[in-house]
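Notes to accompany the following structure.
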Amino acid sequence: MEDGFQVVHLGAEDYDAIVALWQAAGLPYKPTGRDSRTQFAAQMASGLQQAIGVRAGEQLIGVVLVTHDSRKGWINRLAVHPDFRRRGVARLLIAEAERVLRDKGLQIFAALVEGWNEASLAFFAAAGYSAHPDIRYFTKRDDAGV
Ligand SMILES: CC(C)(COP(=O)(O)OP(=O)(O)OC[C@H]1O[C@@H](n2cnc3c(N)ncnc32)[C@H](O)[C@@H]1OP(=O)(O)O)[C@@H](O)C(=O)NCCC(=O)NCCS
C-alpha cells in the first residue's frame, strides 16, 4: 500500500491509541459521554460499530468509527494525524468504511460535518459525498456531555 500504510480493524483494546489520535488531530469528542472508555467498549461489543484504522508501521495515524441503523451507514469521528495529512489516509479509511457497510447491504453513507470544518467539508466533497445545506440538524440531549 502507498507509503506502507496499512488498513486495520481496531477493537476496544485500542481505545487509548484512538483517543490519543483524536487529541492530536484536534477532533472534538466526548470523553465523559459517548466516547468514554466504557461506552466505546459497549459500542464495540454491540456489534453495531466497527473501528477502522490506518497504521504507519506501529503508529496509528488514522481512525474512523462506522455504524449503521439498518437504513443508512454513518461515518463518525474521522481523524488523521496532522503529520500524515494530504497523503490519502482518510480516503483509505472511507473506502474501507464503505466496503464494510456495503457488505452489510447498506447503500447510503452519511456523515455530519460542522460548517466551520473546511478540511472535512473539502474531504467529503472530494470523496463523492453531496452536501445538504438545506437540512438543519436537530438534537435533544439528556446531558451536555453525552
Ligand atoms: C478531514 C481529514 C480527516 C482529512 O484527512 P486526510 O488524510 O488529510 O485526507 P486525504 O489525504 O485522504 O484527502 C483526500 C482529498 O480530500 C480533499 N482534502 C483533504 N483535506 C483537505 C484540506 N485541508 N483542504 C482542502 N481539501 C482537502 C482533497 O481533495 C484531497 O485530495 P488531494 O490531497 O489529492 O488534493 C483531516 O484533515 C483531519 O483529521 N481533520 C481533523 C479532524 C476532523 O475534522 N475530522 C472530521 C470530522 S467530521
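The values are calculated or read from the model by the stated rules, or taken from the named source; none is laboratory data. Everything numeric here is computed off the predicted structure, so don't read it as measured data. Positions of Cβ are backbone-derived with ideal geometry, glycine not excepted, and every protein chain shown enters the neighbour counts. Heavy atoms of the whole protein, side chains included, go into the accessibility calculation; ligands, DNA and RNA do not. Shrake-Rupley method; radii C 1.70, N 1.55, O 1.52, S 1.80 Å.
List of remarks:
- Under a Gaussian network description of the chain, with springs only between Cα atoms under 10 Å, the residue in A41, A119, A20 that fluctuates furthest is A119.
- For the chain: rounded, prolate or oblate by the Cα gyration tensor [a/c cutoff 1.5]: rounded
- A straight Cα-to-Cα reach below 18 Å connects K72 with the lysines K104, residues fewer than 8 places away in its own chain not being considered.
- Carbon + sulfur, % of accessible area of the chain - ligands and nucleic acids excluded, 1.4 Å: 50
- Check: the chain dipole with +1 on Lys, Arg Cβ and -1 on Asp, Glu Cβ, in debye: 380
- Segment 1-28 and segment 30-46 have Cα centres lying 16 Å from one another.
- 15 Å beta-carbon shell around N117, net charge (K/R +1, D/E -1): 0
- Taking Cα centre as origin and charging only the Cβ of basic (Lys, Arg, +1) and acidic (Asp, Glu, -1) residues, the dipole magnitude of segment 8-89 rounds to 380 debye.
- Two-site FRET efficiency, A126 against A45, from Cβ-Cβ distance with R₀ of 41 Å, rounded to 0.05: 0.75
- Hits among lysines - C-alpha to C-alpha of K140 under 20 Å, sequence gap 8 or more where chains match: K30
- Max mean-square fluctuation residue, GNM over the chain, Cα-Cα springs under 10 Å, options P82, P133, P28: P133
- A helix-only calculation puts the chain at -9500 deg cm²/dmol for mean residue ellipticity at 222 nm, using -39500 (n - 2.57) for each DSSP H run of at least four residues, averaged over all residues.
- Residues K140 and A12, FRET efficiency given R0 of 22 Å [Cβ-Cβ distance, rounded to 0.05]: 0.20
- Relative contact order (%) - the chain, alpha-carbon pairs under 8 angstrom, separation at least six: 22
- Annotation: per residue accessible area for segment 2-126 equals 54 Å², rounded to a whole number [probe 1.4 Å, protein chains only].
- When segment 2-126 is described by a simple charge dipole with +1 on each Lys and Arg Cβ and -1 on each Asp and Glu Cβ, the residue from W22, V7, V113 located farthest towards its positive end is V113.
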